[in-house]
Structure formats: C-alpha cells, structure tokens
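To start, the structure under review is shown below, and the notes come after it.
What follows draws every value from the coordinates through simple rules; no lab data is involved. Worth saying up front: this structure is predicted, and the values here are computed from it rather than measured. Here Cβ is always computed from backbone atoms with ideal geometry, including for glycine, and neighbour counts include all displayed protein chains.
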Amino acid sequence: METILQITGLHASSGGKEILKGVDLTINKGEVHAIMGPNGAGKSTLSAVLAGRPDYEVTAGSVTFMGRNLLEMTPEERAWAGLFLSFQYPVEIPGVSITNFMKGAVNSKRKALGQDELTPAQFLKLLKDKMSMLKMKGEFAKREVNVGFSGGEKKRNEIFQMAMLDPSFCILDETDSGLDVDALKIVADGVNSLRTPDKSAIVITHYRRLLDLLRPDRVHILKDGRIVRSGGMELAEQIETKGFDSVDG
C-alpha cells in the first residue's frame, strides 16, 4: 500500500516543555487511524505540529506527507497539498457568509495548484452538490461563519468545508467534544461519506463512541508523548471499560 503520512521519532516542545517524545506512525492511503489518550498525552500537540502551528517547535524527527518533507512546508502549503485540520473549537467570522468564505478558500487552493478559479456557475454547482451529499439545507450557506451556531452546526460546517476542499488527509482533533448523539452522527456520517481509497484521516478522541460509528482501521494509544500501543477496535473497547491506566507506557 502507498504511504501518505510517515512520522518518525517526532519530538516537539512548546514554551520550553517537551510534549512529544518520539512519535512513530505510518498511515497508508485509504486508512482511518484513531489516536486516543489521557489529557496531556500530546494528542492535540501532534495535530498542531502536523498543521504547522508556529507555537510548537519540532526538536527531532521527521514527517513525510505524500513524499514531501511536511516540516519544511508553511501551513498554507500544507493545506494546498491536501491536509485539512478540523478544530476542537471552530472560530466565528462575523460578517463573512459561508458561501463567500468557501469561494475564497476553494479558489485560493486552485490557484496554488496552478488551476483556474471556478466560475460563479461552477462554484454554485459544487456548493449545491456537496450540500446535497451532506443533506444540508441551502439556507445554511447564507449564514455567517459559525456565528450563533450550535455545537452540532459548527461540526457540520467543518465537514462541509472538508467536502468542498476535497483534502487527501484530514485531522479531526476531538471533533466529538461536547456533542450530543445527533451531532455526533452528523460528524460520522459526513466523514464516512467522504471516505475513498485515496483519502486518509487521523481521528483524535478521548472516547469510543465516535469510533463505533467510524470504525477506524487502526487505534493507537498516546501516553506521555509516545504511542505505546496500537491495535484494532479492541483497544478502544479496553479503554472504555478499564481506562488508560490499563495500557502500559
């Protein structure tokens, strides 16, 4: 199988404190991997480092994304190359409609890839197609980005952004945090509808409930900055019943 993301011996710090202490992870095309771990294990730090947040310093190790050195790419270059990060707490953008926001994002990515911008008609067709696929009402696209949104609406909007930008690799950082059952199903259905043999994802979560809906290919346990155990859904089940202390590391 073709590898899409290769992390080797990754160490990273923030504010002078080492958080990642040698992460090794390989994800192939078409695979969905889940990362679970207690608070402070380094899960969100890993997603921040992959997305290129400047407040985290990589001190050792390497990350290869689709054959390129990810750590040498700017955050914008990573996004243009096909990496998408779903935030735990999406920001509001008052005064900017979802339609205008997505038009700018889509055309910015196309320009970076050397493609022509979409015409208004082409963009509207793409918008309607993706909203139909995710069973969203057209009125949603007229709203201001995340302004006055419920938790479920914010997550649905992120899945919509994912569908519009068509990334090859997605990082869902505790997307299930604070969601009720209906909102959780919205996220899972959206992610599952976008799964193809060429797309991959990391799902970062504390809980098994989202994984029951997504059925990841691999589950990894991150503790104290390292992946200490990898396996299948049986690992998520073990954490659910016995807690993270039941996993050595």
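For the reader, a short list of remarks on this structure follows.
- Net charge of neighbours whose Cβ lies under 11 Å from the Cβ of Val106, counting Lys and Arg as +1 and Asp and Glu as -1: +3
- Charges were assigned to the Cβ only: +1 to each Lys and Arg, -1 to each Asp and Glu. The resulting dipole of the chain about its Cα centre is roughly 540 debye.
- Each Cα pair under 8 Å and six or more residues apart adds its sequence gap; the mean of these over the residue count of the chain is a relative contact order of 27 percent.
- For the pair Thr8 and Glu240 in one chain, pulling the backbone fully straight at 0.36 nm per residue adds 80.7 nm over the alpha carbon distance.
- Of all lysines in the structure, the ones whose alpha carbon falls short of 24 Å from that of Lys109, not counting any fewer than 8 places away in one chain, are Lys29, Lys125, Lys128, Lys130, Lys142, Lys154, Lys155, Lys199.
- Taking the C-alpha atoms only, the angle from helix 120-133 to the longest principal axis of the chain is near 50 degrees.
- Each Lys or Arg adds one and each Asp or Glu takes one away; over the other residues whose Cβ falls under 10 Å from the Cβ of Met66, this sums to +1.
- Hz values of 3J(HN,Hα) by residue in the stretch 41-53 - Karplus curve (6.51, -1.76, 1.60), Gly and Pro given as x: 6, x, 4, 5, 4, 4, 5, 5, 5, 5, 7, x, 5
- Our coupling estimate for the stretch 65-79, obtained by passing each phi through the Karplus curve with A = 6.51, B = -1.76, C = 1.60 and θ = phi - 60°, is 10, 6, x, 10, 6, 4, 5, 8, 9, 6, x, 5, 5, 5, 5 Hz, Gly and Pro reported as x.
- Degrees, to the nearest 10: 181-193 long Cα axis against longest axis of the chain: 80
- Averaging the Cα positions of each part gives two centres, and for the stretch 178-249 and the stretch 1-52 these lie 14 Å apart.
- Mean projection area, nm², convex hull over Cα of the stretch 113-181: 6.0
- Size-normalised alpha-carbon gyration radius of the chain, reference 2.2 N^0.38 Å: 1.01
- Each of Met102, Met131 was scored by other Cβ atoms within 10 Å of its Cβ. Arranged with the fewest first, they read Met131, Met102.
- Angle of helix 233-242 to the longest C-alpha principal axis of the chain, folded into 0 to 90 degrees and rounded to 10: 70°.
- Each principal axis of the stretch 1-147 carries a Cα extent, and these read 48, 33, 25 Å when sorted largest first.
- Structural size metrics of the stretch 164-211, computed from C-alpha coordinates, are Rg and Dmax of 10.9, 30 Å.
- Estimated 222 nm signal from helices in the chain, with DSSP H stretches of n ≥ 4 weighted -39500 (n - 2.57), rounded to 500: -11000 deg cm²/dmol
- Backbone HN-Hα couplings from phi across the stretch 195-212 [Karplus 6.51/-1.76/1.60, Hz, Gly and Pro as x]: 6, 9, x, 9, 10, 10, 7, 10, 10, 9, 7, 8, 10, 7, 4, 5, 5, 4
- Radius of gyration and Dmax over the Cα atoms of the stretch 58-97, both given in Å: 13.9, 42
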